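The values are calculated or read from the model by the stated rules, or taken from the named source; none is laboratory data. Here the structure is a predicted model, which means the values were calculated and not measured. Methodologically, a virtual Cβ is constructed for each residue, glycine included, from the backbone with ideal geometry; neighbour enumeration extends over all protein chains shown.
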Ligand SMILES: Nc1ncnc2c1ncn2[C@@H]1O[C@H](COP(=O)(O)OP(=O)(O)OP(=O)(O)O)[C@@H](O)[C@H]1O
Ligand SMILES: [Mg+2]
């Protein structure tokens, strides 16, 4: 089973209107409520690609049904530890006129440090050798930025493979715990080293330093330029085919889903890169985080260009 964590769940309230201006009143506006979080995106795409997946996380009781019914529809399993309150809500207003959008992100109800401790035990009770755990996105404030690092340590002693995609303190602490796979984008990668890193060879040189710290695979994603990936003495540059790009938010999550599925199916390193980059490109072709199809991905895979660096 591929588990994807959700430690900062949110409900996205998306309003679509012709024109929005501050101070007015809009009536009868269509609203879509979308349960969100990077772990949700990864788990749904893993499922689309044909592997079993589950979202595991902390869930405010009053919002639980929104998340579970959404995941049930997508045939993704869920293991949620309940806490009191409601998930935070983010409002997006999409305007067809001028094609712009406005966003209001809320703080959400506080989840205390003790919930982090409780979640460590909860996670521990779900660990089974041979599974994969993917840690994506942010951790709710106060749960503890060391939470991914602590669960990674638990996973390693239980024989569970770990995949990390986050930022900030959770990222630096997570790296120190030595996950199997790390997927930073170029900004996150520069933040790890605190310096500008440009050009394929400089990226490769720095990526090697992460292998030296005990991480087995490093995938550095570069938006439409593709990805530099390192493992053992291999360093590969993978360039996606040109696609009609509609929405690139979540391309990294799609790419991570590709890595997980390739790992589960024991793909070679270069075929893993091919699948991952094809998933990122397929995501870019769609609005919304998980609208890609399996056929698109298989087709795009053929046109990913891979070269040794
Ligand atoms: N416009 C694009 N065309 C083709 N492929 C793309 C495009 N944008 C992104 N990709 C693919 O998706 C991968 C991940 O993109 P990116 O580096 O933007 O991830 P990210 O910043 O982690 O995204 P997010 O955190 O929003 O999921 C890239 O490595 C690339 O293979
Ligand atoms: Mg990302």
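Just need a number here: residues in the range 97-116 that are over 29 Å from residue 14 (Cα atoms), surrounded by 13 or more Cβ atoms within 10 Å (Cβ to Cβ) and either in contact with a helix residue (DSSP H, G or I) (Cβ under 6 Å, 6 or more places away or on another chain) or without any contact (Cβ under 8 Å) to a residue 12 or more places away in the chain (or both). It would help to see each step written out before you state the result.
Taking the range 97-116 and keeping what is over 29 Å from residue 14 (Cα atoms), we get 113-116.
Right, trim to surrounded by 13 or more Cβ atoms within 10 Å (Cβ to Cβ) and you get 115-116.
If we keep only those that are either in contact with a helix residue (DSSP H, G or I) (Cβ under 6 Å, 6 or more places away or on another chain) or without any contact (Cβ under 8 Å) to a residue 12 or more places away in the chain (or both) too, we end up with 116.
The total comes to 1.
Using the structure shown, decide if residue 65 is outside the structural domain of residue 262 (by TED's automatic domain parsing) and over 18 Å from residue 141 (Cα atoms). Don't jump to the end; show me each part of the working.
Numbers: outside the structural domain of residue 262 (by TED's automatic domain parsing): yes; over 18 Å from residue 141 (Cα atoms): yes.
Yes: the conditions hold for residue 65.
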Just checking, how many residues over the range 220-244 are surrounded by 14 or more Cβ atoms within 10 Å (Cβ to Cβ) and either out of contact with any strand residue (DSSP E or B) (no Cβ under 8 Å at 6 or more places or on another chain) or farther than 21 Å from residue 206 by Cβ (or both)?
4
How many of the residues making up the range 171-191 are free of Cβ contacts under 8 Å to residues at least 24 places away in the same chain and within 14 Å of ligand 1 (Cβ to nearest atom)?
4
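Show me the strands (runs of 3 or more DSSP E) found entirely inside the range 91-184 where at least 3 residues are within 30 Å of residue 269 (Cβ to Cβ) and under 18 Å from the mean Cα position of the chain (by Cα). Steps first, please.
Details: elements: 101-105, 132-136, 161-165.
Fully inside the range 91-184 and qualifying: 132-136, 161-165.
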Looking only at the range 267-289, count every residue that is more than 30 Å from residue 13 (Cα to Cα) and in contact with a helix residue (DSSP H, G or I) (Cβ under 6 Å, 6 or more places away or on another chain) and tell me the total.
3
